[in-house]
Amino acid sequence: MTETTAVTDLLALHETMAVIRRTEKAAHDLFMSGLVKGTTHLAAGHEAVAVGARAALRDGDYAFATYRGHHHAIAWGATPEECLAELMQRSTGLNKGKGGSMHLTKAATGMLGSYAIVGAHLPMAAGAAWSARLRGTDQVAVAFFGDGATNIGAFHEALNLAAVWRLPVLFVCENNFYMEYTPIGSVTAAEQPAAGRAPSYGLPAEVVDGNDVVAVRNAVARAAERARAGDGPTVLEARTYRHYGHSRTDPATYRPEGELERWLERDPLTVSSIRLRSAGTRDVEIQAAEDRAAAVVDAAVATARAGPPADLREAFTDVWADGGAAWRTTS
Amino acid sequence: MTETTAVTDLLALHETMAVIRRTEKAAHDLFMSGLVKGTTHLAAGHEAVAVGARAALRDGDYAFATYRGHHHAIAWGATPEECLAELMQRSTGLNKGKGGSMHLTKAATGMLGSYAIVGAHLPMAAGAAWSARLRGTDQVAVAFFGDGATNIGAFHEALNLAAVWRLPVLFVCENNFYMEYTPIGSVTAAEQPAAGRAPSYGLPAEVVDGNDVVAVRNAVARAAERARAGDGPTVLEARTYRHYGHSRTDPATYRPEGELERWLERDPLTVSSIRLRSAGTRDVEIQAAEDRAAAVVDAAVATARAGPPADLREAFTDVWADGGAAWRTTS
Amino acid sequence: MADHVVTYRESVAEGIAREMRRDPSVVCLGEDIGAAGGVFKTTVGLFEEFGPERVWDTPISEQAIVGAAMGAAMTGMRPVAEIMFSDFLACCWDYLANEIPKVRYMTGGQVTVPLVIRTANGGGLGFGAQHSQAVENWVFTVPGLKIAAPSTPSDVVGLLASAIRSDDPVVFFEHKGLLAGKGAPAPDGHVVPFGEAAVRREGGDVTLVALASTVPLALAAADRLAAEGVAAEVLDLRTLIPLDVAAVLRSLERTSRLVVVEENPYQGGWGGTIVSVVADEGFELLDAPVKRVAGANVPLPFADALEDQVIPTVDKVADAVRSLATY
Amino acid sequence: MADHVVTYRESVAEGIAREMRRDPSVVCLGEDIGAAGGVFKTTVGLFEEFGPERVWDTPISEQAIVGAAMGAAMTGMRPVAEIMFSDFLACCWDYLANEIPKVRYMTGGQVTVPLVIRTANGGGLGFGAQHSQAVENWVFTVPGLKIAAPSTPSDVVGLLASAIRSDDPVVFFEHKGLLAGKGAPAPDGHVVPFGEAAVRREGGDVTLVALASTVPLALAAADRLAAEGVAAEVLDLRTLIPLDVAAVLRSLERTSRLVVVEENPYQGGWGGTIVSVVADEGFELLDAPVKRVAGANVPLPFADALEDQVIPTVDKVADAVRSLATY
Ligand SMILES: Cc1ncc(C[n+]2csc(CCOP(=O)(O)OP(=O)(O)O)c2C)c(N)n1
Ligand SMILES: Cc1ncc(C[n+]2csc(CCOP(=O)(O)OP(=O)(O)O)c2C)c(N)n1
Ligand SMILES: [Mg+2]
Ligand SMILES: [Mg+2]
């Protein structure tokens, strides 16, 4: 993987980011209109991390994500329709309506789940990487997690185990500077919550501009190369920002004035547009990509919405591998 | 607290170490003869850490220890008789026979317990330090733990919280280079399992000769001074060695030949004798201290052994603060 | 006062505030509980009133939160720790299962651990498998912890008073589905003692034993059954430990029929323990099989309609009672 | 073969080895399980036979152990993870309670998690409050986990075969008090299916339902009772999930009397769930109160004599049965 990126590639990445952005906008609107219930954690602003990482990896490489995982799911090949159908509790949803926004999963393409307990998936990603090594494949696994997750015990255990076993796993922190409503700096002893901890495990680390899809892609490519060469894990800390509040209807009043605005100037789609333009892409081409994204998502909303509701029988399937839920014998 | 140590002080520390050594020898012999059951984890070889730390601290400072905690209990004022009575399941035991070797506790002098789940007590020590600060005392808390404990999640969470809150807590690792039977280096990503992790929490750290009671005392004194001054936690890594196997009858065959012998040359009692001699103490004085220690422990064995067995009614006391164990109403 | 009502949510903050005013050793800690007022807004106003030395925001470190609370409780403080969702008790389970409930006993009574762990419990809101569980039965497996789970705003305040004043560790379950519910405010100085079930409705035909979210369910079912001529008595346990078995047996002396309504799963649910006490000590009182309306033995699905399939509902409670009517 | 006996301890290693020979995707991980052969010597010989690429020593990181096992199980391996003492399941409870049992369901069946978590369970050895618990009831509160707890050496091998071949996650309890026990070795290819209780002794007067350590207790009590003219039937559940309720009800059809013998505490013990099924579906079979001989609701004390006070013993089982004789 070279560090240059063809313009056509970049335009494709831009379009994927636009699809994610538009899908989340739809999710937000549907939540506000009561068609999406429970909770959502929108990743708008984080798109470049997921899309850049996926672009640097190969088919079959594994991803593990969090409750804020729409962007990872779509980057790993879930369609906006599957995702929105899931959010709207349709039987056509990615998880048949059994998972919801916090658990989007597309196992067929290696996106092995979104987990809603902070940090829990880091050891799992290490385990998937271990498995790749045991099976003799050259797959890598990547765990995406937030800055807040760096203070939980599972983070420490996962990084140490992965380091000692030199596993092909990438720990990609999306540092958006907040846990739910609390600034990460106020509860974290390291200035760089992820990268600053890497030396503790003898791991290489890189801080990367998480709003620049090319920067992410290149950093992940370097890390993946090390991992596939048997040189073990890397910690990447992608600095980014979430445009919405933490979840649902959080107005994010805890943010200092002007902070969001400053970050919006560096919106990943803006950054990518600038890069495209400076590489010679015309505005109409960029617009066309964004229009295609919009069209895909608009159609997805309509189709997802028209889908059948979750099948009530599904409440009692999928507990066991035999498809059922029997916990006892009956006479 | 100055860094020099009066000869009389040092002789007292030597005697306390001898008491611990002799008590553990008794525990070992009683285990072998079937009078101590369950399990024991002997600390012979580690005495200087507990005794040096206690010497640097004040009455009322808190200690939290592990299943390998005989030395901490005695350093904090538990008598050999109380300890041995506990191991022999006597009602006169430190914990009335309800705790055993792994849970020696002397709350009256601030030794707030020995915990048998690796790492669990680190957050507790942080909490006791937090409490001291909230109550406006100048107490410090110290958590003693093994090298193996540095890989468990609770270690990470405790150090981060203590650092962020700048708590007066000391994290003292007894690095004896092994977890149970596995060399720590083979499962730990940091060369110095405790000290090497301190930068991850912005904490000062010191590696200290854990077999030199004066070195430990001075390092702990420095750390306690920082803590009392409001400068937060310190990580100390005391390099030491356990003379016996991990527990019970473990013959420790996993150790490379000659390793124990090399460490025995630096036995804390030997190190302390040399220091005493070079400060002008005569052999007979040292011998006298050791003889006093032996006499105390021999008497303790006899008294503990003759004590009454654990009171059967105690099985149903002390669950609740009212002294009882009622979990339901009765009609 | 007659028509002044408060929410269950507000009552949490009110209950804590009353104790903090009374006793300077009460301090709070948890994620986002300070200026943010908590994710469920159950600590709103505490930071403003008591300041950062008594209301502490923590990192996402559940073990450190409850572990530090334990250390503080052993040394003279009365910490009230929040674990945001009860599902996350799993992240600090060692402290709940092995440390906090055992240290007093295993030290032969040398220490006390007067702490409260508050947590938002239960389902019905479409939060999915990892944010919807009713896990009071996890805690119920551990001797040495007291367990409270209020169903009304005034019980929230009264049980919090008992919990915070208790010298024993208490796990305090605030049900997410009840937070928006309203009721009479707690009078000044209101204290609800632990281990006293409340008879929420009297009736002579069947005893419904309920807790927290299942209390309104049982009451609604009782309403419906009344129209069918069945008089159900509804018992709100309020605390699981101590467990007011005596109240259950007393009620059965009159009704001879028992349905336990619990949100946690049937397998390993607390209702099993109650039924086993009854099947032993109250065997001769029983005129009919004993029923448990409990969560299904599956993880909790996201879609509302699926979730309804697997958690107790008014329909399920009414059906269970009707199935006993033939006896 | 008649007089060749093996220990329960050896049977653990044997059971794992048989599956490792059969299936290259089976790998082991845990603390000190490699060259050291495990703290309980239950993995002796595996490292020598299969080498470091199939038998992995880990740091003291229970979350990483079971979390990594989960990730590996989702991607084509069949990990067998050891958690040294079952008390330490508390240190990785999030994985047992929230992750492993739920991921298949919440992804709508997209993934399977074929892993085994083996752990040394139970008391009676004077290891004190944090190393002696019988915690199968913790796991029993979690839908989505299968639970095995063998009582004999050949069941160890046969249930391990089922566990490791299972596409579902299994928690496998090896009872510390049984490790030194001896019995007939498992025949070649021995597989004990899950969900089939074994009748260890037939009798028509009372049904004793037991598991793991309480099986020999129940058998000893049955011996004693036989001398008094009471014929006890002893059922060994072998697995808790799936739970062979049908076998219990079948036995009750003949005996009409039930005593459940379980080591975990009475409050929240699995016996409560069994009793509640019986009090519902088997109500008409019962001629007498139902008894549970369970752990007392206290932490486990260190001293042997105190421990005997609070865990099931032959005396307590026999007394419980005798108390039913008056019916
Ligand atoms: C163990 C655990 N504790 C608390 C929570 C509640 N919670 C959900 S998201 C969140 C903040 C996470 O912050 P961060 O890791 O920075 O991710 P972000 O939401 O910013 O993407 C918290 C505290 C949780 N889900 N799991
Ligand atoms: C959470 C947990 N995992 C495993 C164990 C079993 N265990 C007891 S001591 C020990 C080794 C601890 O090593 P270390 O921390 O270096 O302390 P040392 O015994 O060397 O003093 C282990 C693995 C435990 N008690 N708790
Ligand atoms: Mg964040
Ligand atoms: Mg060690």
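Read the figures in this text as sums done on the coordinates, not as results from a lab. No experiment lies behind these values; they were computed from the predicted model shown. All Cβ positions, even for glycine, are placed from backbone atoms using ideal geometry, and neighbour counts span all protein chains on display.
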(request) Work from the charge dipole of the protein assembly as shown (Cβ charges, +1 for Lys and Arg, -1 for Asp and Glu, about the Cα centre) and give the residue of B:Ala50, B:His121, C:Pro169 farthest towards its positive end. (result) B:Ala50
(message) Once you place label points 7 Å from the Cα toward the Cβ at D:Ser323 and B:Ala294, how far apart are they in nm?
(response) 5.6
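Taking only the alpha-carbon atoms of the stretch D:210-286, what semi-axes of the equivalent ellipsoid follow from 5 times the gyration tensor eigenvalues under a square root, in whole Å, largest first? Intermediate results must be reported in sequence, preceding the final value.
Values: eigenvalues 76, 55, 23 Å².
For the stretch D:210-286, the ellipsoid semi-axes come out as 19, 17, 11 Å.
About its Cα centre, how strong a charge dipole does the protein assembly as shown have in debye, to the nearest 20, once Lys and Arg get +1 and Asp and Glu get -1 at the Cβ?
360
Counting other Cβ atoms within 10 Å of each Cβ, which trypsin sites (Lys or Arg not before Pro) in the stretch D:196-279 have at most 16 and sit in a DSSP loop?
Numbers: sites: D:Arg200, D:Arg201, D:Arg224, D:Arg238, D:Arg250, D:Arg254, D:Arg257; in loops: D:Arg238, D:Arg257.
Passing sites in the stretch D:196-279 do not exist.
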(request) Determine the dipole magnitude for the stretch A:37-93: charges of +1 sit on the beta-carbon of Lys and Arg, -1 on that of Asp and Glu, nothing else is charged, the reference point is the Cα centre, and the result goes in debye to the nearest 20. (result) 160
(message) Need the list of aspartates and glutamates near D:Lys102 for cross-linking: C-alpha distance under 13 angstrom, and skip anything on the same chain fewer than eight residues off.
(response) A:Asp318, C:Asp87, D:Asp94, D:Asp168
(request) Could you check which residue among C:Gly177, C:Gly51, C:Gly195 shows the biggest mean-square fluctuation in a GNM of chain C with a 10 Å Cα cutoff? (result) C:Gly51
(request) Report the residue, chosen from D:Ala68, D:Ala232, D:Ala120, that carries the largest GNM mean-square fluctuation when chain D is represented by alpha-carbon nodes joined by springs under 10 Å. (result) D:Ala68
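How shielded is C:303-315 by partner chains, expressed as the average number of their Cβ atoms within 10 Å of its Cβ atoms? Mind showing how you got there, number by number?
Values: counts 20, 6, 8, 13, 5, 2, 6, 4, 0, 0, 0, 0, 0.
Taking all residues of C:303-315 together, the mean is 5.
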(message) Going 7 Å from Cα along the Cα-Cβ axis for the label, what nanometre distances separate C:His4 from the same residue across the other copies?
(response) 8.4
(request) Take peptide A:185-195, look around each residue's Cβ out to 10 angstrom, count Cβ atoms belonging to other protein chains, and average those counts. (result) 5
(request) Taking the Cβ of A:Ser33 as the centre, find all other residues whose Cβ is under 13 Å away and add up their charges (Lys, Arg: +1; Asp, Glu: -1). (result) +2
(request) Quantify how strongly other chains surround peptide A:17-30 by giving the mean number of their Cβ atoms within 10 Å of each of its Cβ atoms. (result) 0
(message) Tell me the relative contact order for the stretch C:47-97 as a rounded percent, counting alpha carbon contacts under 8 Å between residues six or more apart.
(response) 34
(request) Choose one answer from B:Thr188, B:Thr317, B:Thr23: the residue with the largest mean-square fluctuation in a GNM of chain B with alpha-carbon springs under 10 Å. (result) B:Thr317
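What pairs from B:Lys96/C:Lys146; A:Lys96/C:Lys41; B:Lys98/D:Lys176; A:Lys96/C:Lys146 go past 29 Å between their alpha carbons? Mind showing how you got there, number by number?
Values: B:Lys96/C:Lys146 24 Å; A:Lys96/C:Lys41 32 Å; B:Lys98/D:Lys176 20 Å; A:Lys96/C:Lys146 39 Å.
Over 29 Å apart, Cα to Cα: A:Lys96/C:Lys41; A:Lys96/C:Lys146.
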(request) From zero up to wherever the largest Cα-Cα distance of the stretch C:57-197 sits, split into 10 Å bins and tell me the percent of pairs in each. (result) 12, 42, 35, 10, 1
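How long are the three semi-axes of the equivalent ellipsoid of the protein assembly as shown, in whole Å, if each is the root of 5 times an eigenvalue of the C-alpha gyration tensor, listed from largest down?
44, 41, 31
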(request) Mind running the shape call on the stretch A:221-318? Use the C-alpha gyration tensor, a ≥ b ≥ c as the square roots of the eigenvalues: rounded below 1.5 for a/c, prolate if a/b tops b/c, oblate otherwise. (result) rounded
(request) State, to one decimal in nm, how far the label point of A:Asp322 lies from the label point of A:Leu260, with both points 7 Å from Cα in the Cβ direction. (result) 5.3
(request) Classify the stretch B:64-162 as rounded, prolate or oblate, taking a ≥ b ≥ c as the square roots of the eigenvalues of its Cα gyration tensor: rounded when a/c is under 1.5, otherwise prolate if a/b is larger than b/c and oblate if not. (result) oblate
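Calculate the all-directions average of the projected area of chain B's alpha-carbon convex hull, and give it in nm².
Numbers: hull surface 73.7 nm².
The orientation-averaged projected area of the Cα hull of chain B comes to 18.4 nm².
Hey, any idea what Rg/Rh is for the stretch B:165-250, computing Rh the Kirkwood way over Cα pairs? Display every interim value, and only then the final one.
Numbers: Rg = 14.2 Å, Rh = 13.8 Å.
Over the Cα atoms of the stretch B:165-250, Rg/Rh equals 1.03.
Can you list which of the GluC sites (Glu not before Pro) found in the stretch C:177-244 are DSSP loop residues with at most 16 other C-beta atoms within 10 Å?
Numbers: sites: C:Glu196, C:Glu202, C:Glu228, C:Glu233; in loops: C:Glu196, C:Glu202, C:Glu228.
Loop-located and lightly packed - C:Glu196, C:Glu202, C:Glu228.
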(message) Going 7 Å from the Cα of B:Ser186 along its beta-carbon direction, which residues of the stretch D:45-71 have the amide nitrogen within less than 19 Å of the resulting point?
(response) D:45-62, D:65
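What's the FRET efficiency of C:Asp3 with B:Arg228 using the Cβ-Cβ distance as r and R₀ = 56 Å, to the nearest 0.05? Provide the component values of the computation, followed by the final result.
Values: r = 56 Å, r/R0 = 1.00.
Once the sixth-power term is evaluated, E becomes 0.50.
How much mean residue ellipticity at 222 nm does chain D get from its helices, if each DSSP H run of length 4 or more adds -39500 (n - 2.57) and you divide by all residues, to the nearest 500 deg cm²/dmol?
Rounded to the nearest 500, it is -10000 deg cm²/dmol.
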(request) Using the 7 Å Cα-to-Cβ label point, sort the distances from A:Val7 to its equivalents in the other copies shortest first and give them in nm to one decimal. (result) 8.9
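Before rounding to the nearest 500, sum -39500 (n - 2.57) across all DSSP H runs of length at least 4 in chain A and divide by the residue total; then give [θ] at 222 nm in deg cm²/dmol. List each step's numbers first, then the result.
On the way: 10 runs with 135 residues, N = 331.
Only helices count here, giving -13000 deg cm²/dmol.
List the GluC sites (Glu not before Pro) within the stretch A:160-192 that DSSP assigns to loop and that have no more than 15 neighbouring Cβ atoms inside 10 Å.
Values: sites: A:Glu174, A:Glu180, A:Glu191; in loops: A:Glu180, A:Glu191.
Qualifying residues, ordered by number: A:Glu191.
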(request) Between B:Arg277 and B:Val7, with labels modelled 7 Å along Cα→Cβ, what's the label distance in nm to one decimal, could you check? (result) 1.5
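Evaluate the relative contact order of the stretch B:7-316 (contact order divided by residue number), counting alpha-carbon pairs under 8 angstrom at least 6 apart; express in whole percent.
Values: 637 pairs, mean separation 78.7, N = 310.
The normalised contact order for the stretch B:7-316 reaches 25 percent.
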(request) Using only the Cα atoms of the stretch B:1-108, construct the convex hull and provide its projected area averaged over every direction, in square nanometres to one decimal. (result) 6.7
(request) Before anything else, pin down the relative contact order of chain C: Cα pairs under 8 Å, at least 6 apart, normalised by residue count, whole percent. (result) 16
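Name the shape class, rounded, prolate or oblate, that the alpha-carbon gyration tensor gives for chain C, where a ≥ b ≥ c are the square roots of its eigenvalues, rounded holds for a/c under 1.5, and otherwise prolate holds if a/b is larger than b/c and oblate otherwise. If you can, show how the numbers build up before the last one.
Details: a/c = 1.73, a/b = 1.59, b/c = 1.08.
Prolate, since a/c reaches 1.5 and a/b exceeds b/c.
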